[in-house]
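Down below is the structure, laid out as structure tokens.
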């Protein structure tokens, strides 16, 4: 099995040069996030990821989570690793110090999150879901709810889950049927939920389920959904876990991947109804849940980046070791490592460039989130929030699609060995495949980008970003910036077309939503790669010779690769957006 | 689990309208392949595929082939299904009647082969490998070898395998070490072979291994490899299987997919050396093996098409049944099947259009093979063989890549259920992933296209095809033909660039080999879709109203989809070919 080494140098480069970490650290409340502290956090997290979590990745997949007599066991080593994670305070990184958090920027937490997910995607889902639940409680919980739950969830001693899906209610959350009946200060919850990630397990002292359900007189659809805290163990008067609540894990799923992560079918209220506590107002549950979902969507995007990086590191190591065939220009020479073959190089560069663009985009999104939360000026906060809203579906979809592609390239580079499970490359391919599905399928993300993020404000947020990108490129006096012009023009044209078409013909616009998202992401990635190249040029030209000169030169070469091997797809995607929709919708569905 | 219904209407359409089955049937030796007979064969094969093979696909995956005490057992039902396959004479379709074959065209056999692979990819590998071995013996075996082996292999009572790979010799076949020492009329073979598909199993009465090995004084590399027949059971004087040969299955692999198909590690000559019989001349084994490999490469392409079709049928059924969400233009209306959502439609149309283009290209390749084998005129045969040689790497790579993409789209359409193994969509995703790897990785295919098929004849075969495509498009007075012009120009430009660059800078050309292959395939697929649309227009305009009017209208709509949603990627790929290579190769490998 392959090692994982956190790509700290590139992480630092993105933080310092592309998302302006100095500015983030200057935001009120983030003053402690000095460069030294951030470096120390990254180094320390990298060690835990490499030494503790990564070695459990393959064994966790082989063993899988198990379900027996109602008890879920995570794979060997997971509970101990979870304890180490909690003891290290890693769950508390970005949260409110008032509840035991460390108050670090999301930007930093995102880099750290990349490491957990790259090291062990199945394991990292536990903190990922907990983090979403914490965000939700922080934003919408009462003071008493916060006091009761947040310190334990922020520490990680209690984990969190998200309970939306029911068998008949997947993407259509509004179709859910779980019921909640008021009993004094609490509600009694009954119903079945499926696909509950880490819904039951043996790592935490309590599991705090965030459950969507309907009160008896609630309106139909998403406007009649309320949100409840439903803890596995009810809290005693002293706040510690006590009596078992009326909920249970019915089974866990047999999945394609992330086998170390238990995906539970949960039954609420087999007896008297599970006791739940309302969060926010009745019938406003979806709004509250969106807090969690938006957070989780960015995190799932980071998972795509993470699996892309892990697959890359494994494929690179293999390609440097595996000797097979001769160099094209030396047919009688010695056999060479396959990394020297141009087509293998193409695959590795595709992975590397994709990972670097993904990382830049993910951290940029996190930085905007930090600004949206902490900037002193309300207008800045609002603009940053609009940017986060715009970027969230792009980050979720593009990073997860690229993560799958990278995992597939990782298999391909291994050749026949890639198809053998012992090698480990196949696991990344299987694990990655959930990412475009959960937290809103990538198709749902594309519609979200189109309908809520582009059309609703008549393109204001999108045009803001496009203008900023263009101004940025204009200001960079390097040839790489000029090579963006065709792709930028394609994105602008597709955006114009969407803004014109969307209001008149929503179905036609929707038919192009996915290629539009891909186009937007590809161009945004190009912009950030060019910014990276510009920063590298600047640092290389600085008076003090940089100690990481080869790294900076590689940044420039990798940007060139992106511009000439990935970005050229942009005009084609614009053409598909503009010309493709009619024929997508034309066929009578009986003739499919 | 989903049904499989062979897409006989589209198969017939391709055979009749796109590959000119009438002309194929008129070739010497193929006279029996009348339209009625071909229809009957397709119908009958479709029934076996649907009723016998398809129902064993999922159970075969779950159970897997097993290895215990040296014995390999295929999953429940496989041996019985294999017997039915043999008893039905299905293995003998395209082979020489002198040895019990039915002498049908490869074009027909290819359509039938699509069915076996769509129904059950793991099962279909047994006949696929046997077919390759039969081709090899037919072409290179002595009269005695043919008489001894062919009738039994053509019937399928004995199966065949291909033994190239060794742990240190994968893509670099020339690095193999298995030894063959002459003993009178036979050789003694020793060595280990890996990744031997159906290398050991319980379905056939004998297993005829085609084994590459080196004689003691053989030159290094591929010029020192000889090919041997090494049967599992040596033949008695009466020609029936007798004594066990000195070979054994050491283990079978634990794989990502095709779990019903045993992938064996084979040991030859643990005791005195396995008895093997030379095929062709010493040191000419690679040339002989290429007969088998080229055959197998076309077949593997068909596997890509097959898994794409199977995944499509399953996803289409799900999308038509799964009710989730409301129509975009009727937010207060009833919930609708997800097939009505534009993004789901986009995915289904991508699969459908891809499958139809793949089918047309695969059958076209088979028809050229028939011409190459049977055309009375040597010049026609030579031209057809050049066309087959050109198309083989394109068919192998593009169809297998598209097969993987379709299987992935199939998972995506299923949403969360796609990630659950019980649904079956995930199996197609896992099974498909071997296809871009075996029988020469798709990277190897791209280099083959570039170096052997394009550069060696200075572009003659490629220009022939491009000219034919252009003339064909010019002759079709339909708007669809005109919309090919940008993509055709892109392919011509990339071809010119390759022809100019390849001889001067092989590494730079090789860096673009994969996007060049993709470009070639995408444009060729577009050409065939346009030809299909032209045929549909013609049939719709005919005096007798066609009974399959909706099918023909769907052909036209699907061509439009292809032209507007898939073909627009072509110019981007040409740009990548022409501009991408420098940056692919630029980075010092230590900086990857």
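The values are calculated or read from the model by the stated rules, or taken from the named source; none is laboratory data. Owing to the predicted nature of the structure, the values given are computational and were not obtained by experimental measurement. A quick note on method: Cβ atoms are made from the backbone with ideal geometry, for glycine too, and the neighbour counts reach across all protein chains shown.
Would you confirm whether any residue within the stretch A:102-124 is within 22 Å of residue A:206 (Cβ to Cβ), free of Cβ contacts under 8 Å to residues at least 60 places away in the same chain and buried (at least 24 other Cβ atoms within 10 Å of the Cβ)?
no
Across the stretch A:345-356, which residue is nearest to residue A:524 (Cα to Cα) among those that are in contact (Cβ under 8 Å) with a residue 40 or more places away in the chain and at the interface with chain B (Cβ under 7 Å from one of its Cβ atoms)?
A:352
Among the residues of the stretch B:529-545, is there at least one that is under 16 Å from residue B:10 (Cα atoms), at pLDDT below 95, out of contact with any strand residue (DSSP E or B) (no Cβ under 6 Å at 6 or more places or on another chain) and not in a helix (DSSP H, G or I)?
Taking every residue of the stretch B:529-545 in turn, none turns out to be under 16 Å from residue B:10 (Cα atoms), at pLDDT below 95, out of contact with any strand residue (DSSP E or B) (no Cβ under 6 Å at 6 or more places or on another chain) and not in a helix (DSSP H, G or I).
Can you tell me which residues in the stretch A:533-562 are at the interface with chain B (Cβ under 8 Å from one of its Cβ atoms) and without any contact (Cβ under 8 Å) to a residue 24 or more places away in the chain?
A:550, A:553, A:554, A:557
Where the second residue is in a strand (DSSP E or B) and surrounded by fewer than 17 Cβ atoms within 10 Å (Cβ to Cβ) and the first is without any contact (Cβ under 8 Å) to a residue 40 or more places away in the chain and lies in the stretch B:208-234, which pairs have Cβ atoms under 9 Å and are six or more apart or on separate chains?
Here the result reads B:216/B:181; B:216/B:182; B:232/B:244; B:233/B:242; B:233/B:243; B:233/B:244, each pair linking the stretch B:208-234 to a residue that is in a strand (DSSP E or B) and surrounded by fewer than 17 Cβ atoms within 10 Å (Cβ to Cβ).
Conditions tested, residue by residue: (1) surrounded by 24 or more Cβ atoms within 10 Å (Cβ to Cβ); (2) at positive phi.
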{"position": "A:399", "(1), (2)": "yes, no"}
{"position": "A:417", "(1), (2)": "no, no"}
{"position": "A:435", "(1), (2)": "yes, no"}
{"position": "A:458", "(1), (2)": "no, yes"}
{"position": "A:464", "(1), (2)": "no, no"}
{"position": "A:473", "(1), (2)": "no, no"}
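For the stretch A:277-299, name all the residues that are more than 26 Å from residue A:74 (Cα to Cα) and outside any loop (DSSP other than H, G, I, E, B).
A:277, A:278, A:279, A:285, A:286, A:287, A:288, A:289, A:290, A:291, A:294
Just to be sure I understand, how many residues within the stretch B:327-344 are touching a strand residue (DSSP E or B) at 6+ places or on another chain (Cβ under 6 Å), outside any helix (DSSP H, G or I) and within 11 Å of another protein chain (Cβ to nearest Cβ)?
3
Which one of these is more than 19 Å from residue A:445 (Cβ to Cβ) and crowded, with 19+ Cβ neighbours inside 10 Å: A:538, A:531?
Step by step, each of A:538, A:531 is checked, and only A:531 is more than 19 Å from residue A:445 (Cβ to Cβ) and crowded, with 19+ Cβ neighbours inside 10 Å.
Of everything in the stretch B:251-269, what is surrounded by fewer than 17 Cβ atoms within 10 Å (Cβ to Cβ) and free of Cβ contacts under 8 Å to residues at least 60 places away in the same chain? Give them in sequence order.
Within the stretch B:251-269, just B:254 meets the criteria.
Assess whether residue B:426 counts as being surrounded by 24 or more Cβ atoms within 10 Å (Cβ to Cβ) and touching a residue at least 60 places away in the same chain (Cβ under 8 Å).
no
Could you pull out the residue among A:360, A:311, A:372, A:319 that is under 23 Å from residue B:587 (Cα atoms), more than 14 Å from chain B (Cβ to nearest Cβ) and either at pLDDT 95 or above or in a loop (DSSP other than H, G, I, E, B) (or both)?
The match here is A:360.
Looking at residue A:231 and the list (1) over 25 Å from the mean Cα position of the chain (by Cα); (2) more than 26 Å from residue A:85 (Cα to Cα), which single condition is not satisfied?
(2)
Looking at the stretch A:563-578 only, could you name the residues that are more than 7 Å from chain B (Cβ to nearest Cβ), closer than 24 Å to residue A:512 by Cβ, assigned to a helix (DSSP H, G or I) and under 26 Å from the mean Cα position of the chain (by Cα)?
A:567, A:570, A:573, A:574, A:577
Of A:584, A:514, which residue is in a helix (DSSP H, G or I), more than 27 Å from the chain's Cα centre (by Cα), buried (at least 24 other Cβ atoms within 10 Å of the Cβ) and facing chain B (nearest Cβ under 7 Å)?
Result: A:584 is the single residue among A:584, A:514 that is in a helix (DSSP H, G or I), more than 27 Å from the chain's Cα centre (by Cα), buried (at least 24 other Cβ atoms within 10 Å of the Cβ) and facing chain B (nearest Cβ under 7 Å).
Let's see how each residue does on (1) closer than 30 Å to residue B:60 by Cα; (2) within 14 Å of chain A (Cβ to nearest Cβ); (3) modelled with pLDDT of 95 or more:
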{"site": "B:196", "(1), (2), (3)": "yes, yes, yes"}
{"site": "B:233", "(1), (2), (3)": "yes, no, yes"}
{"site": "B:239", "(1), (2), (3)": "no, no, yes"}
{"site": "B:242", "(1), (2), (3)": "no, no, yes"}
{"site": "B:247", "(1), (2), (3)": "yes, no, yes"}
{"site": "B:250", "(1), (2), (3)": "yes, no, yes"}
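Do you know which residues across the stretch B:133-144 are buried (at least 24 other Cβ atoms within 10 Å of the Cβ) and either in contact with a strand residue (DSSP E or B) (Cβ under 6 Å, 6 or more places away or on another chain) or touching a residue at least 40 places away in the same chain (Cβ under 8 Å) (or both)?
B:133, B:136, B:137
Across the stretch A:175-194, what is the number of residues that are more than 30 Å from residue A:79 (Cβ to Cβ), facing chain B (nearest Cβ under 9 Å) and in contact (Cβ under 8 Å) with a residue 60 or more places away in the chain?
0
Restricting the first residue to the stretch A:41-70 and requiring it to be assigned by TED's automatic domain parsing to the domain that holds residue A:126, which pairs with a second residue that is at pLDDT below 95 and assigned to a loop (DSSP other than H, G, I, E, B) meet a Cβ separation below 6 Å and a spacing of at least six or different chains?
Matching pairs, first to second residue: A:58/A:1.
Report, by residue number, each residue of the stretch B:235-249 that is free of Cβ contacts under 8 Å to residues at least 60 places away in the same chain and under 16 Å from residue B:270 (Cα atoms).
Across the stretch B:235-249, the qualifying residues are B:243, B:244, B:245, B:246, B:247.
Quick check on this structure: which one of A:95, A:123 is outside any helix (DSSP H, G or I) and either assigned by TED's automatic domain parsing to the domain that holds residue A:251 or under 28 Å from residue A:291 (Cα atoms) (or both)?
The unique qualifying residue is A:95.
Name the single residue, out of those in the stretch A:145-157 being surrounded by 20 or more Cβ atoms within 10 Å (Cβ to Cβ) and over 22 Å from the mean Cα position of the chain (by Cα), that is nearest to the other protein chains (Cβ to nearest Cβ).
A:149
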